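Enquirer: So that we are looking at the same thing, I have put the structure below in C-alpha cells.
Taken together, the values in this text are just the output of simple stated rules run on the coordinates, not laboratory data. Here the structure is a predicted model, which means the values were calculated and not measured. For neighbour counting, all protein chains shown are included, and Cβ atoms are generated from backbone atoms with ideal geometry for every residue, glycine included.
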Amino acid sequence: MAAAEHPGRYPASPSSRQLGLFGLLITLLLVLIACTPAPPEPLRIAAGPFPGYEPLYLARELGLLDPDQVRLVEYAPGSQSLRAYRNGVVDGAALTADEVLLLAREGYDPRIVAVLDYSNGIDVVMARPEITSLAGLRGQRIGVENTALGAYFLSRVLHFAGLTKDDVQLVPTELSEHSRAYGEGRVDAVITYAPQREILSAQGAHQLFDSSLIPGEIVDLLVVRQRALDHQSESVAHLLTGLFGALDHLARDPASSVQRMAPRVSMSEADFARALDELELPDLAQNLRLMQGNPPHLELTLTEIMELMIREGLLEGPVEVSGLIRGDLLNVVQHRAAR
C-alpha cells in the first residue's frame, strides 16, 4: 500500500515567480552597492624626520589630525619625500623651496599651502678641526647629498668661500651616511643639518658655516598637488588647522611639546630645543602675512631663490612663481579658528 503524502512536512519548491523576485532583489542590491561612493581616501603627506616638520607629527599626536582625512607618511632623511611626490605615491609633502621650484619646472603642479619654517642656523658645514676657514675647503673632500637642497647650499658655501666646484672634491653622501663617512675618513667636511650635526660634533667635527648667514634663503614649505586641492580641499584645510593648532600648543607649552617631538628624530630634548631656536616657525598670522598681499612676501623670496638657482645652473629655466602660492586656504583656517 502506497504511503500517504504529507505536503506540510517538506517546504514547497519556490515558484518561478518567487525566483524572479529574488533575482530582481539581488540585482537591485548589487546596483545599489555599485552606486554607493567609496569613502574618500585620506590625504597622504610625506614628511621626513626634521625638527621643522615635527609640528605636523605633534598635531597627529595631539589628536588634531583625523586619520580618515590626513595620513602622514614618514620617509628616511634625504630626497625620498621628493621622490615619493614625483612618483605619485603621496598627495603632498614637506619640501624645501628649491625642491618645490624644481617640481614646478618639471610640471608636477605643486601648490604651496603653508610656510613650515625658515632655516636660521640649523643647516651647516661641519669640518675636521684642522680646517679652520671656508677657504680651507680648497682641495678637500666635501660630503653632500645629491639633492636640490644639497646643491643649493653647496653653491652658497662656495660663493662665501670664494671657491668653485673645481676647487673641491665632491663626495655624494646620503644624509644618513654623513656621520659614518666622516668617521671612516671618506670626507673632510659635510654639508648637513640637525640631527646629523650633533652626531658629527660628537665625532670631533666643528662648524664652519651655517644658514644664519643666508637668512630667508632656505625655506621649508608644505605643498599639495593641484588635484588634491580640486578633490580634497576639506582635508587640506583640516591638515592646516591641525598644523597651526600644534604650533599654538608649542608656543603655550614648549617643554611638553619638545618632550613629545625630540624622541621621534632621535635627539635629546636639549638638542631639539636648540634646533627649534635655529628655525623660524611661522604661525597662522605670520603665514597670512607671508602668503597674501600683492605680491605676497613669499613670492618675492621664491623669485630670488629661483633667479639664484638659474644663475648657478640648478634650474633649467624660470617658473611662474605667483601661480604656486595658495594663501586663500589660510582664510578658511582663520575663519574656523575665530569660531
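Enquirer: Helix-derived [θ] at 222 nm for the chain: sum -39500 (n - 2.57) over DSSP H runs of at least 4, divide by residue count, nearest 500?
Expert: -13000 deg cm²/dmol
Enquirer: What full-extension length gain, to one decimal in nm, is calculated for Arg227 and Asp283 as 0.36 nm per residue of separation minus the Cα-Cα distance?
Expert: Value of the extension gain: 17.6 nm.
Enquirer: For Arg86 and Glu184 in the same chain, what is the full-extension length gain: residue separation times 0.36 nm, less their Cα-Cα distance, in nm?
Expert: Here the answer is 31.9 nm.
Enquirer: With everything on Cα atoms, drop me the angle between helix 16-35 and the longest principal axis of the chain, reported from 0 to 90° to the nearest 10.
Expert: With both axes taken from Cα atoms, the answer is about 10 degrees.
Enquirer: Separation between the Ala202 and Ile26 pseudo-spin-labels, each 7 Å from Cα along Cα→Cβ, expressed in nm?
Expert: Label-label distance for Ala202 and Ile26, simple model: 6.6 nm.
Enquirer: Given H placed on each backbone N at 1.01 Å, which residues far from Gly143 in sequence or on other chains put an amide H within less than 5 Å of it?
Expert: Distant-sequence amide H within range of Gly143: Val171, Asp188, Ala189, Val190, Ile191.
Enquirer: What are the ³J(HN,Hα) values, in whole Hz, obtained from phi via the Karplus relation 6.51 cos²θ - 1.76 cosθ + 1.60 with θ = phi - 60°, for each residue of the range 176-185 in sequence order, with x given for Gly and Pro?
Expert: So the Karplus estimates, Gly and Pro as x, are 5, 9, 4, 5, 5, 4, 5, x, 8, x Hz.
Enquirer: Please give the net charge around Val113, taking every other residue with its beta carbon less than 14 angstrom from that of Val113, where Lys and Arg add +1 and Asp and Glu add -1.
Expert: -2
Enquirer: Any chance you could run the full-extension gain for Leu213 through Glu41? It's 0.36 nm times the residue separation minus the Cα-Cα distance, nm to one decimal.
Expert: Net length gain for the segment: 57.7 nm.
Enquirer: For the range 123-213, with only Lys/Arg (+1) and Asp/Glu (-1) charged at the beta-carbon, what is the dipole magnitude about the Cα centre, in debye rounded to 20?
Expert: Dipole of the range 123-213, to the nearest 20 debye: 120 debye.
Enquirer: Order 255-264, 89-98 from most to least packed using the mean count of other Cβ atoms within 10 Å.
Expert: 89-98, 255-264
Enquirer: Give me the one-decimal nm value for the distance between modelled label points at Asp253 and Glu307, 7 Å along each residue's Cα-to-Cβ direction.
Expert: Between Asp253 and Glu307, the label points sit 4.6 nm apart.
Enquirer: Sorting check: for 43-52, 279-288, 292-301, which peptide has the highest mean count of neighbouring beta carbons within 10 Å, and how do the rest follow?
Expert: 43-52, 279-288, 292-301
Enquirer: Could you please report the charge total around Leu103, scoring K, R as +1 and D, E as -1 over all other residues with beta-carbon less than 15 angstrom from its beta-carbon?
Expert: Here the charged neighbours net out to -1.
Enquirer: Using modelled amide H (1.01 Å from N, peptide plane; none on Pro or chain starts), what sits under 5 Å from the amide H of Ile325, excluding residues fewer than 5 places away?
Expert: Those qualifying (amide H under 5 Å, at least 5 residues apart or on another chain) are Ile112.
Enquirer: For Asn120, which sequence-distant residues (separation of 5 or more, or a different chain) have an amide H within less than 5 Å of its own amide H, given hydrogens modelled in the peptide plane?
Expert: Distant-sequence amide H within range of Asn120: Leu279, Glu280.
Enquirer: Share of antiparallel DSSP beta bridges in the range 123-213, in percent to the nearest 5?
Expert: Counting only bridges with both partners in the range 123-213, antiparallel ones make up about 60 percent.
Enquirer: Expressed as a whole number of Å, what is the distance separating the alpha-carbon centroids of the range 190-250 and the range 67-126?
Expert: Cα centroid of the range 67-126 versus Cα centroid of the range 190-250: 9 Å apart.
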